[in-house]
1. Looking at this structure, is A:Glu24 of a type in the set (Asp, Glu), surrounded by 15 or more Cβ atoms within 10 Å (Cβ to Cβ) and at pLDDT below 95?
2. Could you say whether any residue in the range A:158-170 is modelled with pLDDT of 95 or more and either of a type in the set (Ser, Thr, Tyr) or within 17 Å of the chain's Cα centre (by Cα) (or both)?
3. Is it true that B:Thr86 is polar (S, T, N, Q) and at pLDDT below 95?
4. Look through A:Glu45, A:Glu11, A:Glu24 and report the one residue that is free of Cβ contacts under 8 Å to residues at least 24 places away in the same chain and among the acidic types (Asp, Glu).
5. Can you tell me how many residues in the range A:74-95 are free of Cβ contacts under 8 Å to residues at least 40 places away in the same chain and not aliphatic (A, V, I, L, M)?
6. Taking the range A:25-45 as the region of interest, how many residues are under 22 Å from A:Val180 (Cβ atoms) and within 8 Å of chain B (Cβ to nearest Cβ)?
7. Against the definition (buried (at least 18 other Cβ atoms within 10 Å of the Cβ) and either touching a strand residue (DSSP E or B) at 6+ places or on another chain (Cβ under 6 Å) or more than 8 Å from chain A (Cβ to nearest Cβ) (or both)), how does B:Ala5 come out, yes or no?
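The values are calculated or read from the model by the stated rules, or taken from the named source; none is laboratory data. Keep in mind that this is a model prediction, so the values were computed, not measured. Glycine gets a Cβ as well: all are built from the backbone with ideal geometry, and neighbour counts include every protein chain shown.
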Amino acid sequence: MADTAQARQRETTLMGMYLFLGSEIMLFGGLFAVALALRLMHPQEIVAASKHLHYGIGAANTVVLLTSSLAVALAVAAAEAGKIKGTVVGLQAGAGLGIGFLALKAVEYVSEYHERLLPALAPPEAFANPAAHLFMDLYLIATSLHAVHVTIGVGLLAGLALRVHHRSLALPRQATGVEVVGLYWHLVDVIWIFLYPVLYLVR
Amino acid sequence: MRTIAPLLTVWAALLALLGLTVGASLVLTGTPSLIASLAIAGLKAALVVWVFMQLRREGGLMRVMALGAVFWLLILLGYLVLDYATR
């Protein structure tokens, strides 16, 4: 009986998380709709604007985020097996790589600021045409909103690592707590998987 | 090891697909480039959702719950494309 109740509790928790993630998908979905409309209306201008972005830094950041997702997936597997040390290390690695992502993103923003590519910080004349200006507006809003999500995720992962380490989250009984944070982190990764080609690789 | 091996395999596949999408952007342009980059991104997302998020071990209801938003998103993007493509 206890097992059924626990399984039901887990399903409810995951379902609530998926509902929240659905709202996140629609939030970013609006931005992807803007990207699609811009590309359909001004193909040449958007290609030229996209070529100014540092696609190498973007690719490096994709590697960082994919690897952090692996670390978190390993942490969830360890949590379900009741391995406390493995869970803590996995969560810490995920959070550390998340900080690495943010650091690399900051370096990128600074160099874009010097190249006068960032809207609001560069005069409108700095952009080749209004479509390029719009594209950079979208770039700044989409990547900064994503960075906010990474920041929240880093906080969640680090906090969870601390709780598991201090045994205030009992494993494997409360492994679902690790699993839901993992789901959030993977979704942030999935959003970046789409943002990267949509922003950096328009050719 | 049985739970870890698929995670490592998927991670390697994701890195390979990243290389593929960067490579494709260097050779393709226009609509083929758009289709290739979105197809590769879709494949990467599917791998993350199926293996990292462990949707493969869940039942039907949970899968509907997880993928429902994708359906709404396709409605949003689909009608947007219809609008611009038929002007």
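1. no
2. yes
3. yes
4. A:Glu11
5. Qualifying residue count, the range A:74-95: 3.
6. Counting residues in the range A:25-45 that are under 22 Å from A:Val180 (Cβ atoms) and within 8 Å of chain B (Cβ to nearest Cβ) gives 3.
7. Considered against the rule, which asks whether it is buried (at least 18 other Cβ atoms within 10 Å of the Cβ) and either touching a strand residue (DSSP E or B) at 6+ places or on another chain (Cβ under 6 Å) or more than 8 Å from chain A (Cβ to nearest Cβ) (or both), B:Ala5 comes out as no.
Here's the yes/no breakdown for (1) free of Cβ contacts under 8 Å to residues at least 24 places away in the same chain; (2) more than 25 Å from B:Val49 (Cβ to Cβ); (3) crowded, with 22+ Cβ neighbours inside 10 Å:
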residue: A:Ala131; (1), (2), (3): no, yes, no
residue: A:Leu145; (1), (2), (3): no, no, no
residue: A:Leu171; (1), (2), (3): no, no, no
residue: A:Gln174; (1), (2), (3): yes, no, no
residue: A:Val190; (1), (2), (3): yes, no, yes
residue: A:Tyr200; (1), (2), (3): no, no, yes
